[in-house]
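Okay, so here's the structure we're looking at.
What follows is calculated from the coordinates using simple rules that are stated; it is not laboratory data. It should be emphasised that the depicted structure is a prediction, and the values quoted were computed from it without experimental measurement. Cβ coordinates were reconstructed from backbone atoms using ideal geometry, including for glycine residues, and neighbour counts include every protein chain displayed.
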Amino acid sequence: MKNTRIGIVGLDTSHSIEFTRRMQAPDCPADLKVDGMEVVTCYPFLTPFTNDEILAQRKAQLEEWGVKIVDSVKEAAAGCDAIMIEINDPSLHLEYFKKILSLNLKKPVFLDKPLADSYENGKQICDLAEEHDIPLLSASALRYSQNLVDASSAIPQPKQAYIYGPLGVPPVGSGIIWYGVHCFEMLERAMGRGAVSIDVLKAEAGAVAVVSYPDKRQGVVVLTESDYSYGGNLKGDNKIESFVVNSYWFYTELLHDMREFFQTGEALSKPEDALEIMDLLDCASKSYETGRSVKLNGAN
């Protein structure tokens, strides 16, 4: 089977490099490499999350791996089988998703985390994808961590979940939305959809979020500035499963699902998952700022 040819839109995130490395870098370790895909084009542009120097370094690296640097979304999408939106700034996601839709290409789109900068914009992306029959995958690699997957298999319906990870500080926008997405992805992977409300405590080191579910199920997410470790535990009936994320693997674990998605239009993570995570993030950001509990939009 021939490789899926991919066009990347955006280069303000290191993910553009890390995903491409695992697809086609000659020196990529064999245990990290994912065959069957190749990045053929990339359209880079400046955002508040990068600068000219970093952008030049990333462009040079991609060119070394055989990627053609182009000057527009249209050029990036031409001649490819699938599109990856790799834009660190979530406030630009809806705009660039619309640009891709305007080309009327009907190609599957991977939209890197988070889905958008707000629930409203995230829902618009999902609605547009459904309206135009565009297969859409939007996810953090953290939900694919094998240790989390194993814990979730051991306790498929936890009564409580405790998740910890970093709270990033972005140049613009909400840190909870931009980087808290990783922990909320892990929470949703463990607890499933159906969150009702969220209450966030602003702490000196970051934030603590309590997420309420039906039947008195509960999730706790602890976000800490400058601590880039991830893990947690899931509690069932007289049983607890703890896990620690192995950062060596998670990009590769996501790429395996991405390859299946590009080939079939189906992925383990659904747009409905991404939208609930966006709902959690948006409400968490509002609760963080106001100090009040916020009911999820999807629960109204």
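Between 115, 167, 111, the distinction of being out of contact with any Gly (no Cβ under 6 Å at 6 or more places or on another chain) and either farther than 18 Å from residue 245 by Cβ or surrounded by 17 or more Cβ atoms within 10 Å (Cβ to Cβ) (or both) belongs to 111 only. The numbered conditions (1) in contact with a Phe, Trp or Tyr (Cβ under 9 Å, 6 or more places away or on another chain); (2) of a type outside the set (Lys, Arg); (3) on the phi < 0 side of the Ramachandran plot are all true for residue 158 except (1). Return a yes/no flag: does segment 132-154 have any residue that is farther than 30 Å from residue 234 by Cα and surrounded by 22 or more Cβ atoms within 10 Å (Cβ to Cβ). No, because not a single residue in segment 132-154 is farther than 30 Å from residue 234 by Cα and surrounded by 22 or more Cβ atoms within 10 Å (Cβ to Cβ).
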